[in-house]
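Engineer: Quick one: the structure is below, questions incoming.
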Amino acid sequence: MNPTVAPFPATRLRRMRQSPALRALSRQNTLTVDDLIWPVFVMDGKDAETPIASMPGVVRRTVDRVALAAKEAQALGIPAICIFPYTGMEARTEDCAMAWDPDNLTNQAIRAIKQAAPDIAVMTDIALDPYNINGHDGFVENGEIVNDRTVEALVKMALAQADAGADILGPSDMMDGRIGAIRTALEAEGHHNVTILSYTAKYASAFYGPFRDAVGASSALTGDKKTYQMDPGNSDEALRLVARDLAEGADMVMVKPGMPYLDICRRVKDTFGVPTYAYQVSGEYAMLQAAAQNGWLDGEKVMMESLLAFKRAGCDGILTYFAPEAARILNG
Ligand code: PBG
């Protein structure tokens with residue numbers, strides 16, 4: 001940037017804003033369909049969908065319906081889908097064994113999507129919370145969320161997902177050392193090309209509320225996740241986490257939530273210059289949809305503006321529940 005700007009009227013910054021053509025020509029950041037990763041919720045059963053009250057427009061789908069949705073996403077040009085399983089209390093145990101079952105909902109969905117829409121990259125979530133009796137991302141021993149034993153379980157979960165055909169693994173648990181352990185296991189098992197998008201800077205946020213309803217975790221969760229997810233007051237710590245995850249073998253890093261943490265996205269991108277993603281989480285989606293439903297905001301416009309903000313902040317892509325709707329608009 002040139003710090004010495006000629007004074008008015010030699011410089012009239014409004015000149016470049018006067019027509020759609022000049023605005024297009026000088027626009028620095030744009031959103032494209034290539035930037036979108038679509039999170040979807042999978043449930044047991046056949047040929048069914050159920051709405052999620054706190055996320056208007058978002059549904060849980062059975063595996064066959066997820067495959068259909070993936071076909072639609074592929075036709076829209078969306079590059080990736082991320083799978084989240086809905087689990088009732090009956091799937092939750094102390095040992096979380098269902099998390100690495102080759103036939104659990106996530107692994108069924110991976111195979112179904114790969115078959116129905118082979119061009120779409122399939123992303124997963126790695127954490128024990130869908131299968132844990134107490135809703136935590138790790139094992140709980142005497143009230144403590146234990147790190148190292150959890151990492152061993154996460155490795156088993158990661159391998160089951162890679163075996164099922166996942167392209168992108170997304171460890172979202174915030175345990176220390178999990179990226180390195182997963183990467184080592186993937187290499188040992190011949191999964192050299194499976195990528196890791198680490199939920200690197202994941203904050204202990206109140207914006208995850210609607211998601212926990214969507215996956216059935218709200219009633220299961222005891223306490224909070226503050227001993228493993230980041231403190232919202234911290235910024236430098238995010239850079240330490242990114243450095244560590246890259247050193248341990250992550251291919252991509254994520255900041256989560258998105259809109260309240262755009263400053264972190266920018267710092268990460270400027271400092272490391274690596275593929276950087278943001279998760280526009282359930283609470284951000286719910287806020288915008290609620291205001292739109294009340295007629296207080298123009299839903300389409302705020303959706304597109306909120307997604308563009310991630311590009312401006314340096315992100316290479318966005319996990320967003322708006323993905324299909326945004327893709328339809330971008331495709332004209
Ligand atoms: C679970 C997980 C969460 C989200 C993604 N993976 C919730 C949590 O950490 O409690 C939140 C996504 C959203 O709010 O949209 N490991």
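What follows is calculated from the coordinates using simple rules that are stated; it is not laboratory data. Everything numeric in this text was worked out from a predicted model, so none of it was measured. As a convention, Cβ positions derive from the backbone with ideal geometry for all residues, glycine included, and neighbour counts pool all protein chains shown.
Engineer: Place a +1 charge on the Cβ of each Lys and Arg in region 187-332 and a -1 charge on the Cβ of each Asp and Glu, then give the dipole magnitude about the Cα centre in debye, rounded to the nearest 20.
Structural biologist: Roughly 220 debye for region 187-332.
Engineer: Still on this structure, please answer the following. How much length, in nm to one decimal, is gained on full extension between residue 44 and residue 101, taken as 0.36 nm per residue of separation minus their Cα-Cα distance?
Structural biologist: 19.1 nm
Engineer: Turning to a different aspect of this structure: Rounded to the nearest 10 degrees, what's the angle between the helix 148-164 long axis and the longest principal axis of the chain, both from Cα atoms, 0 to 90?
Structural biologist: 80 degrees
Engineer: How much length, in nm to one decimal, is gained on full extension between residue 146 and residue 312, taken as 0.36 nm per residue of separation minus their Cα-Cα distance? Provide the component values of the computation, followed by the final result.
Structural biologist: On the way: separation 166, 0.36 × 166 = 59.76 nm, distance 3.77 nm.
Extending this stretch completely gives an extra 56.0 nm.
Engineer: Within region 65-98, what residues put their amide N at less than 18 Å from the label point 7 Å along the Cα-to-Cβ vector of residue 32?
Structural biologist: Once the point is set 7 Å along Cα→Cβ of residue 32, 74-81 turn out to lie under 18 Å by backbone N, inside region 65-98.
Engineer: Which percent of the Cα-Cα distances in region 37-90 go past 14 Å?
Structural biologist: Values: 767 of 1431 pairs.
Of the Cα pairs, 54 percent sit more than 14 Å apart.
Engineer: Once each part is reduced to its C-alpha centroid, what is the distance from region 204-274 to region 124-192 in angstrom?
Structural biologist: About 16 Å separates the Cα centre of region 204-274 from the one of region 124-192.
Engineer: Here's a follow-up. Would you please give the FRET efficiency between residue 133 and residue 4, computed as 1/(1 + (r/R0)^6) with r the Cβ-Cβ distance and R0 = 51 Å, to the nearest 0.05?
Structural biologist: Efficiency at R0 = 51 Å is approximately 0.20.
Engineer: When the dipole is taken about the Cα centre of region 31-330, and only Lys, Arg (+1) and Asp, Glu (-1) are charged at their Cβ, what size is it in debye, to the nearest 20?
Structural biologist: Rounded to the nearest 20 debye, it is 580 debye.
Engineer: By count of other Cβ within 10 Å, fewest leading, how are 26, 172 ordered?
Structural biologist: 26, 172
Engineer: Starting from 0 in steps of 10 Å, tell me what percent of the Cα-Cα pairs of region 256-332 lands in each bin.
Structural biologist: Here the calculated profile for region 256-332 is 19, 50, 26, 5, 0.
Engineer: Given the options 63, 285, 309, identify the residue whose Cα lies farthest towards the positive end of the charge dipole of the chain (+1 on Cβ of Lys, Arg; -1 on Cβ of Asp, Glu).
Structural biologist: Selected residue: 309.
Engineer: First check a/c for region 134-273, with a ≥ b ≥ c the square roots of the eigenvalues of its C-alpha gyration tensor; if it is under 1.5, answer rounded, and if not, answer prolate when a/b is larger than b/c or oblate otherwise.
Structural biologist: Oblate is the answer for region 134-273, as a/c is 1.5 or above yet b/c matches or exceeds a/b.
Engineer: Which percentage, to the nearest 5, of the DSSP beta bridges contained in the chain is antiparallel?
Structural biologist: 15 percent
Engineer: Another one. Across the chain, what fraction of all alpha-carbon pairs, as a whole percent, falls in each successive 20 Å bin from zero upward?
Structural biologist: Once binned at 20 Å, the Cα pair distances of the chain give 31, 58, 11, 1.
Engineer: Say a paramagnetic label sat at a point 7 Å from the Cα of residue 222, along Cα to Cβ; which residues of region 145-169 have their backbone N under 12 Å from it?
Structural biologist: Residues 145 fall inside that zone.
Engineer: Let me ask you something else. Pop out the ³J(HN,Hα) list for region 105-117 in order, Karplus 6.51 cos²θ - 1.76 cosθ + 1.60 with θ = phi - 60°, rounded to Hz; leave Gly and Pro as x.
Structural biologist: Taking θ as phi minus 60°, the curve returns 4, 4, 5, 4, 5, 4, 5, 5, 5, 4, 6, 7, 9 Hz for region 105-117.
Engineer: Take every Cα pair under 8 Å in region 31-330 that's 6+ residues apart, average their separations, divide by the length, and report that relative contact order as a whole percent.
Structural biologist: Contact order relative to length: 19 percent.
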